[in-house]
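The values are calculated or read from the model by the stated rules, or taken from the named source; none is laboratory data. Nothing here was measured: the structure is a model prediction, and the numbers come from that model. Neighbour counts are summed over all protein chains in view; Cβ atoms, including those assigned to glycine, are modelled from backbone coordinates with ideal geometry.
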Amino acid sequence: MDNHYCIYICGVGGQGIIKTSTIIGEAAMNQGLDVVMSEIHGMSQRGGSVSTELKIGGYNSSIIPNQAADMLLSFEPVETIRGLDNVNSETKIVYNTHPIIPSSTDKEYPSVDGITKTLKENFKHVLPIDGTRLAIEAGSVLSLNMVLLGAVTADDKFPLTKESVIEAMKNNLKPKFHEMNLKAIESGYESIKG
Amino acid sequence: MNLKELVTGESGEKQFLLGNEAAVRGVIEAGVSIAATYPGTPSSEIGNVLSVLAKDANIYFEFSTNEKVAMEVAATAAASGLRSFTFMKHVGMNVAADSFMTTAYSGVTGGMVILVADDPSLFSSQNEQDTRNYARIANVPILEPSNCQEVKDMVKYAFDLSEQFGIPVIVRTTTRVSHMRGVVEFGDVNDNSSNNDNHWKRGHFKKDPSKYVPVPAFAGDMHIRLWDKINEIEGISAKSEFNREIDFSDEKSYGLIASSSAYNYAHDVVKFNDLDVNILKLGFSYPFPQDKVVEFIEDLDEVFVVEEVDPIIERDVLAAIGAKNLDVIVHGKLDGTFPLYHEFNSDIVAQGLDKVLNFDEKTAVSYSLGLEELQENIPSRAPVLCAGCPHRAMYYGINLAIEELGLKPEDVIFASDIGCYTLGINPPYNAADYLLSMGSSVGDGCGFSVSTDQKVASFIGDSTFFHSGVSPLINAVHNKHNFVLTVLDNRITAMTGGQPNPGIPVDGMGDEAPEVSIRKLALACGCDYVRVINPFNLEQVVKTYKEAFERNDTAVIISKAPCTLIKGLTKKPPVNFVEGNCNYCDKCVSELACPAISKVDGKITIDKAQCDGCNVCIQVCKYGALEAGR
Ligand SMILES: Cc1ncc(C[n+]2csc(CCOP(=O)(O)OP(=O)(O)O)c2C)c(N)n1
Ligand code: SF4
Ligand code: SF4
Ligand code: SF4
């Protein structure tokens with residue numbers, strides 16, 4: 001059977017989620033792999049939740065079936081919880097620990113440490129990273145998506161090379177940001193591998 | 001990828017494209033000369049991309065005032081021998097339908113393709129209507145791509161088909177196809193270079209009233225010609241490579257027929273569960289390829305029909321079975337195997353197939369109580385009006401005016417319309433009580449004003465006003481209706497991603513264009529009371545609404561301030577919170593509800609990264625605890 005890999009990516013509008021997913025998709029294409037991706041536009045702007053789904057290897061549908069993701073990559077703690085329908089006991093759960101408090105007042109924002117503790121009770125591979133801090137260290141909070149991109153490439157099962165992901169990044173983002181983005185990708189990679 | 005690749009990309013090149021971008025490449029490969037649209041998600045990106053690329057691609061492109069006008073621009077271009085393209089979201093077809101129906105009768109000379117994007121599960125729409133019904137009402141061919149490659153290929157093919165038979169052709173996508181990204185291999189580009197000073201080619205309209213003017217004497221014959229075309233095209237759909245069998249098994253008991261995104265789910269479920277089921281994928285689904293379908297099902301015992309929204313193919317299959325007297329059981333929406341509404345996914349399709357085939361051994365997972373509790377208690381993150389949005393300021397002001405007039409919320413009906421401002425439905429504004437369609441707020445104001453003794457406030461955006469608000473405003477004045485119409489003129493079509501509209505001095509290709517004045521339009525419609533207000537000036541907003549609600553005619557208030565997302569606006573610095581002055585009345589948090597203001601540990605906090613410096617909160621705070629930033 002094909003070498004397949006599904007990533008569910010989620011977070012909040014404006015965090016660069018679609019761009020990140022497109023870069024992975026383009027890298028997969030350049031490596032000669034079959035790839036499809038799904039994204040939702042429209043109402044997801046203006047501070048709403050955003051998610052994309054990427055499926056590499058022989059799929060026609062771009063939507064990940066229940067519990068079938070190999071990786072859940074979340075840009076925001078609470079959004080990780082919202083994305084849990086996609087995970088199973090083997091899924092790598094990588095998430096940024098910096099919260100973005102929604103303006104809704106229906107429920108109180110839970111503690112991030114509590115989220116991590118509860119996730120670890122239920123899943124084998126729970127990998128919180130302080131992506132926002134790493135991004136600021138790399139040069140700007142805007143490189144958060146690159147930190148998380150680096151984190152994905154660190155997974156042993158991820159079928160793409162870091163080099164091809166970097167190549168696709170360069171093809172999609174402005175040259176003046178390349179240096180910062182490279183730093184961010186490396187620090188994300190190290191935070192998982194290291 | 002650089003978007004220009006869609007124009008310059010060579011045959012054989014591969015790109016990772018959004019379905020909507022693939023549609024643009026299809027249009028370019030087909031050599032289209034004229035394209036027109038009114039934006040609507042999930043088709044909006046086609047227009048956004050075309051507006052950037054039109055000149056490079058020798059295409060004339062416009063954002064028309066509404067879908068009907070876009071349909072007419074495309075129809076006349078095709079009647080003049082040019083290839084033309086129009087595209088819209090599913091409900092746009094309702095607006096365009098009147099002219100669309102006649103275009104089917106009169107036919108075309110150059111190829112004309114209408115791409116319509118359906119929205120199963122209503123990600124950004126008011127209904128789930130199925131455009132495949134329109135193909136049948138009008139009797140025109142329809143293609144249903146399942147992925148990005150097919151979007152490009154089918155758009156291109158649709159032009160050839162349209163031109164060959166002189167009939168407009170529909171390409172129907174769904175949200176999941178328009179917003180899917182996938183690998184697309186480019187094909188050859190048909191030359192559409194211009195033969196004149198414009199960058200686009202000009203055609204020539206050859207007069208023939210018997211073909212183009214549907215007076216009763218001619219329209220009867222047009223209908224006969226339409227049927228002749230469709231009967232002939234059925235022979236083509238029956239042989240089309242877009243209708244093909246994908247075999248997974250030598251067994252002949254079970255088969256499956258699917259189209260569009262539903263095919264993708266069905267394919268993956270059959271493939272990854274090793275099911276003994278062969279699939280007939282229908283990409284060219286009307287005229288219904290009956291011979292092909294009969295050939296596929298005649299030896300089967302049972303067939304599944306997997307399609308999203310209406311059971312259209314399923315009914316055609318049942319009719320074919322009846323006509324040929326076959327003995328095949330059909331499992332689809334009508335027998336409850338699959339749901340009658342909302343989009344599908346692999347899980348839904350697997351559940352349906354499992355009812356008959358019993359293969360799914362999924363065991364339910366269970367999580368710790370702590371996780372279940374966490375899942376139930378996370379805060380929602382629904383879309384909200386942006387910090388600094390002019391709509392919020394206006395809603396705050398009108399509610400204050402209503403309160404100061406001594407009116408209760410139930411005394412005033414808010415007839416809303418479609419745009420960012422529909423988000424006013426949410427608390428604390430509660431400013432949407434009734435809504436039908438784009439432009440309906442004005443007609444609804446007319447109806448409520450004669451049907452009730454309640455006050456009526458209608459809200460409409462600038463783009464929506466141009467789309468379909470003007471003729472009901474004429475109705476309101478002429479029939480002496482009594483309501484307050486607010487035009488929320490934020491200088492853009494914001495909801496769909498920021499397209500220009502006739503009220504701003506730029507057109508769809510980025511060229512300078514005459515600005516159409518909403519104020520002058522309202523005056524010309526005969527309104528006696530027309531006021532332009534700055535929504536960020538709270539005192540002016542409240543005073544104007546109080547005045548307007550006291551009147552007995554159609555009062556028009558134009559609330560004019562730009563959407564904060566427009567590029568290049570000069571903004572004021574974020575506001576400061578002066579803790580010593582705050583008396584914790586909570587007004588700024590609970591009544592204005594700007595997302596840049598929150599209450600953290602009992603203290604008001606301004607998110608300076610979000611605050612847009614609109615300074616409305618300063619006017620809301622009666623204690624001087626919020627002050628202008630420096
Ligand atoms: C018939 C139809 N066409 C298109 C749309 C998609 N659509 C939703 S809101 C909107 C325009 C909103 O623009 P405007 O009225 O200026 O309000 P804003 O979003 O800027 O506040 C459009 C085009 C639709 N819902 N129905
Ligand atoms: S996009 Fe513009 S109009 Fe829409 S909510 Fe934001 S500021 Fe308001
Ligand atoms: S409105 Fe003014 S006084 Fe009231 S809570 Fe807000 S800042 Fe404090
Ligand atoms: S000035 Fe006040 S109301 Fe306006 S965006 Fe800033 S915090 Fe929100």
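Restricting the stretch B:517-528 to residues that are free of Cβ contacts under 8 Å to residues at least 40 places away in the same chain and surrounded by fewer than 16 Cβ atoms within 10 Å (Cβ to Cβ) leaves a set whose member that is nearest to B:SER463 (Cα to Cα) is B:SER517. Once the stretch B:595-611 is narrowed to residues that are within 13 Å of chain A (Cβ to nearest Cβ) and assigned to a loop (DSSP other than H, G, I, E, B), the residue that is farthest from ligand 3 (Cβ to nearest atom) is B:ALA609. Here B:VAL169 qualifies as modelled with pLDDT of 95 or more, surrounded by 13 or more Cβ atoms within 10 Å (Cβ to Cβ) and in contact with a Pro (Cβ under 6 Å, 6 or more places away or on another chain).
Scanning the stretch B:407-419 for residues that are within 14 Å of chain A (Cβ to nearest Cβ) and in a helix (DSSP H, G or I) yields a total of 0. Set side by side, the residues A:LYS19, A:LYS107 differ, and just one is surrounded by fewer than 24 Cβ atoms within 10 Å (Cβ to Cβ), more than 30 Å from B:GLU308 (Cα to Cα) and among the basic types (Lys, Arg), which is A:LYS107. Based on this model, can you work out whether B:CYS585 counts as away from ligand 1 (no atom under 16 Å from the Cβ) and either in a loop (DSSP other than H, G, I, E, B) or within 14 Å of chain A (Cβ to nearest Cβ) (or both)? Yes. Of B:GLN126, B:GLN149, B:GLN164, all but one fail to be assigned to a loop (DSSP other than H, G, I, E, B) and out of contact with any Pro (no Cβ under 7 Å at 6 or more places or on another chain); the exception is B:GLN126. Across the stretch B:360-406, the number of residues qualifying as more than 16 Å from ligand 4 (Cβ to nearest atom) and assigned to a loop (DSSP other than H, G, I, E, B) comes to 18. Residues satisfying the criterion are absent from the stretch B:28-36 (criterion: at the interface with chain A (Cβ under 10 Å from one of its Cβ atoms) and out of contact with any Asp or Glu (no Cβ under 8 Å at 6 or more places or on another chain)).
Pairs meeting the criteria (first residue in the stretch B:249-277 and of a type in the set (S, T, N, Q), second residue at pLDDT below 95, beta carbons under 8 Å, at least 6 apart or on different chains) are B:ASN273/B:PHE359; B:ASN273/B:ASP360. Being part of a loop (DSSP other than H, G, I, E, B) and within 13 Å of ligand 4 (Cβ to nearest atom) is the requirement here; does B:PRO574 meet it? So B:PRO574 passes the test. When A:ASN122 is tested against the conditions (1) more than 9 Å from chain B (Cβ to nearest Cβ); (2) more than 13 Å from A:GLY11 (Cα to Cα), the lone failure is (1). Of the residues making up the stretch B:588-600, not a single one is farther than 22 Å from B:VAL384 by Cα and without any contact (Cβ under 8 Å) to a residue 60 or more places away in the chain.
Under the condition of being away from chain A (no Cβ under 14 Å), within 13 Å of ligand 2 (Cβ to nearest atom) and buried (at least 24 other Cβ atoms within 10 Å of the Cβ), the residues counted in the stretch B:473-500 number 2.
Can you find, within the stretch B:599-628, the residue that is nearest to ligand 4 (Cβ to nearest atom) among those that are touching a Lys or Arg at 6+ places or on another chain (Cβ under 9 Å) and small (Gly, Ala, Ser)? For the stretch B:599-628, the residue satisfying everything is B:GLY613.
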